[in-house]
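Have a look at the structure below, then the notes.
Each reported figure results from applying straightforward, stated rules to the coordinates on display, with no laboratory input. Here the structure is a predicted model, which is why all the values come from computation and not from measurement. So basically every Cβ, Gly included, is an ideal-geometry build from the backbone, and we count neighbours across all protein chains shown.
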Amino acid sequence: MQPTAQPHTTQAPAKPRPGTYVLFRDADRYLAGHPDHTQVCKVLADSHYLKDQATVQVLATDEVIKFAPVAFMRPLDPAELMHDIDTAPLDALGDGRLMTAAGAWLALQHRQASPEPTKALPPGRS
């Protein structure tokens with residue numbers, strides 16, 4: 001007896017609440033092969049009279065998209081957004097002192113953004 005294939009079904013996502021950060025995919029742009037079809041957005045309001053739509057603001061451009069379909073939104077998990085801060089080494093200064101997680105993250109960002117100092121060549125070398 002062979003197992004029967006089960007059709008893949010996905011539950012409709014719950015409507016995100018205002019203030020929630022989401023990934024929103026513009027299905028028309030995606031299917032047409034245009035760039036920038038998926039954006040990080042903040043939900044501004046839900047369309048109470050339209051069950052499956054919401055108003056979102058694209059964070060990169062401040063563009064407001066009204067009646068965005070909820071089916072093409074995925075909420076961003078706060079734990080993922082904070083992962084780099086939560087996992088920053090608490091001794092990011094490298095001198096043995098421990099820092100808070102936020103301070104360690106800031107120090108790490110500064111170290112990564114600052115170029116390494118170049119070592120001077122011995123006299124007579126260029």
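Here LYS42 is the anchor, and the aspartates and glutamates within straight C-alpha reach of less than 12 Å, apart from those fewer than 8 places off in the same chain, are ASP62, GLU63.
Sort 61-73, 79-91 by the packing proxy (mean of other Cβ within 10 Å over each peptide's residues), most packed first.
On the way: 61-73: 14.8, 79-91: 12.3.
Packing order, densest peptide first, comes out as 61-73, 79-91.
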